[in-house]
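The values are calculated or read from the model by the stated rules, or taken from the named source; none is laboratory data. Here the structure is a predicted model, which means the values were calculated and not measured. In this analysis, Cβ positions are derived from the backbone assuming ideal geometry, glycine residues included, and neighbour counts consider all displayed protein chains. Heavy atoms of the whole protein, side chains included, go into the accessibility calculation; ligands, DNA and RNA do not. Shrake-Rupley method; radii C 1.70, N 1.55, O 1.52, S 1.80 Å.
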Amino acid sequence: MGSLFNQYDVLSYSKQEVTIADRFPAIYISDNDEVFCYTGILFKNEQREPNIRNSSFRVQGKHSTDKTIVNSIKGFYRIINGCIVIDDYIDKQFGEHKYKHINDAIVRFPVSAETDYGVAHVGDFTEDKELTRKIFGLTCSELRKLLVVYAKIFGIHNNYMQYPRLTRSTRSYNFCDMTGLFIPKQFPYIAFDESSYEYSHVSLWGFYNHLGLLLHGREHSIIYREFIKAGIHKETLDILFQVNNYFLFDHPKVDSAIFEDM
């Protein structure tokens, strides 16, 4: 069993025993250390703006295959490495694994006054960095350090302004200028310029892929060496390569196609 799985002293269940959570976001860890962070439900033929935190009391405690709800659900919003995808619920995942529901975990999204994100636990509210990385790719502090170094090399960094920088929108959703991925309201993204300019909305996953290209070759890359020289930990850069490799597997990503049935 995985080391992350064993860190949490809660009961484990087979996928057949897992039902739709009473509240979202809901975090599960499999015995092979895969983290499932479901933020909500995508219902079929929704007539409003996509809401990644959408749910309904009528599905709580039921299996996603329950005949009373199965025809109304298109999928479940899940965040993997900063990318929002549509996935099956635990009870329909491939293979026979054990799962733990980390019921005391809280997923923190940016609000109007700040851009912080991460995962904490009820009680001490200290950040669970491992879960944060599994869900968002990098912790907020790791990403901010990367952005400062990037801005000093390629962008703008002075006492008055920094681009690129971490931000969020509290008013509307957007689409990533690099990948076309959906960026919901109050979800972290990267701005390379002011709103309405090119690359003013870049998803976390889009930025990680961009960095992966720049850092390709690792120690043979000039950019990689500059990041190390500037104090970025090798472990942080290694995470970026893991983020990109994960999506060799097929997960339907949330982009403009989400609006086709609305």
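Could you work out the relative contact order of the range 7-53, using alpha carbon pairs under 8 angstrom and six or more residues apart, expressed as a whole percent? Dividing the mean separation by the residue count of the range 7-53 yields 26 percent.
Exposed loop sites here mean GluC sites (Glu not before Pro) with a DSSP loop assignment and at most 11 other beta-carbon atoms within 10 Å; the chain contains its longest site-free run at 97-193.
Residue-wise HN-Hα couplings along the range 215-221, as the Karplus relation 6.51 cos²θ - 1.76 cosθ + 1.60 with θ = phi - 60° gives them from phi, are 8, 4, x, 6, 4, 7, 8 Hz; Gly and Pro carry x.
Candidate cross-link partners of Lys152 among the aspartates and glutamates, defined by an alpha-carbon separation under 12 Å and a same-chain spacing of 8 or more, comprise Glu226. Legend: residues His220, His121, sorted from most to least accessible area (1.4 Å probe; ligands, DNA and RNA excluded), read His220, His121. Between the alpha-carbon centres of the range 17-88 and the range 187-236 there is a gap of 30 Å. Relative to its residue count, the range 1-133 spans a Cα convex hull of 124 Å³ per residue. Let a ≥ b ≥ c be the square roots of the eigenvalues of the Cα gyration tensor of the range 45-117; is it rounded (a/c under 1.5), or, if not, prolate (a/b larger than b/c) or oblate? Taking the square roots of the gyration eigenvalues as a ≥ b ≥ c, the range 45-117 is oblate.
Applying a DSSP loop filter and a limit of 11 other Cβ atoms within 10 Å to the chymotrypsin sites (Phe, Trp or Tyr not before Pro) in the range 144-194 leaves Tyr160.
Ellipticity at 222 nm from helices only: DSSP H runs of n ≥ 4 in the chain, each -39500 (n - 2.57), divided by the residue count, give -6500 deg cm²/dmol.
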